[in-house]
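As structure tokens, the structure follows; a few thoughts come after it.
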Amino acid sequence: FRRFLDVVETEPEIVDAEDAEPLENIKGHVRYENVSFHYNDDDSLVLDNVSFDIPAGKSIALVGPSGSGKTTICSLLPRFYDVSGGRIIIDGKDVRKLTLQSLRNQIGLVQQDVYLFCGSIRENIAYGRPDASMEEIIEAAKKANIHEFIRGTRLSGGQKQRISIARVFLKNPSILILDEATSALDNESEKFIQQSLEELAKDRTTITIAHRLSTIRNADEILVVAENGIAERGTHDELLAKGGIYAHYYEMS
């Protein structure tokens, strides 16, 4: 209980600015402007002068070796961390000037590791939007290709992943982050999950961290992240034609 109280009483480092405004009428245009980042206890830059632009409803993919900063790039958008330099803007507004609740309400996150709470599958899907009706929850489950599998108590890794996707369908955010969402699955499960993710990403601004390059061939732009920044960028075909880092990764996959 003492440990529980220690956690509850911890003051968060990321808080609303005094003049923070809600993010409303969002289109989903995301822009990183000369973004740098280092952790508070270490001055070594994880990201150095990173810039890119994602028009509303478009998609980018991040590829590169483990530890290159792909997840950090994504974590800065919902302000799990704050930038050390530069800024990130959504529809022209600096994310640090937005209320955390309104910012995070507009961002959906699907990760590799899925956490399910003790309780029913209905409650786990409704975690994406607790006030949702049963009809809305069932519709989200159908879109995530999980409705037909909701039987019994034992769920496979792929089925758990589909529950996490149903959560985001129900939340219906304008911006989507997919953090290696299929890398821990077998090929058959990955195929079904990929179909759900493609449906989820339609008309949403999407950032995908890719483990398997075959899943991001249709991204509007692919960024190769290496050594604190972006080493290459372009479409799948453009990067293959360059014969650089991405082409090397693709040949190995």
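The values are calculated or read from the model by the stated rules, or taken from the named source; none is laboratory data. As the structure is a prediction and not an experimental result, all values here were calculated from the model. All Cβ positions, even for glycine, are placed from backbone atoms using ideal geometry, and neighbour counts span all protein chains on display. Accessible surface is based on the protein model in full, side chains and every heavy atom, while ligands, DNA and RNA are left aside. Shrake-Rupley method; radii C 1.70, N 1.55, O 1.52, S 1.80 Å.
Values computed for the structure shown
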{"read-out": "Two-site label geometry, E21 and L240: point separation in nm, points 7 Å out along Cα→Cβ", "value": "4.5 nm"}
{"read-out": "Å² per residue, accessible surface of the chain at 1.4 Å", "value": "56 Å²"}
{"read-out": "Rounded FRET efficiency, nearest 0.05, which uses the C-beta distance separating S120 from R87 and R0 of 51 Å", "value": "0.75"}
{"read-out": "Accessible surface of R122 - all protein chains present, 1.4 Å probe, nearest 10 Å²", "value": "110 Å²"}
{"read-out": "Protein accessible area in the range 87-180, 1.4 Å probe - carbon and sulfur %", "value": "47 percent"}
{"read-out": "List C74, C118, ordered by accessible area with a 1.4 Å probe, largest first", "value": "C118, C74"}
{"read-out": "Inter-centroid distance (Cα atoms) of the range 171-220 relative to the range 1-18, Å", "value": "33 Å"}
{"read-out": "Cβ-based net charge around T99, under 14 Å, with every Lys or Arg adding one and every Asp or Glu removing one", "value": "-1"}
{"read-out": "P(r) tail fraction, the range 106-222 - alpha-carbon pairs more than 23 Å apart, %", "value": "23 percent"}
{"read-out": "Simple Cβ-charge dipole of the range 1-92, Lys/Arg +1 and Asp/Glu -1, about Cα centre, in debye nearest 20", "value": "620 debye"}
{"read-out": "For the range 36-51 and the range 108-132, distance of Cα centres in Å", "value": "32 Å"}
{"read-out": "Max mean-square fluctuation residue, GNM over the chain, Cα-Cα springs under 10 Å, options F169, F117, F52", "value": "F117"}
{"read-out": "The range 63-115: Rg to Rh, with Rh as the Kirkwood radius over Cα pairs", "value": "0.99"}
{"read-out": "Surface accessible to a 1.4 Å probe, T205 within the full protein complex, Å²", "value": "0 Å²"}
{"read-out": "Pairwise label distance in nanometres, K202 with F1, each label 7 Å out on the Cα-Cβ vector", "value": "5.2 nm"}
{"read-out": "Beta bridges per DSSP with both ends in the range 122-253, % antiparallel, nearest 5", "value": "50 percent"}
{"read-out": "Inverse mean reciprocal Cα-Cα distance (Kirkwood Rh) of the range 14-113, Å", "value": "14.2 Å"}
{"read-out": "Answer label for Cα extents along the principal axes in Å (calculated), chosen among [x] 49, 48, 39; [y] 147, 51, 35; [z] 73, 41, 35", "value": "[x]"}
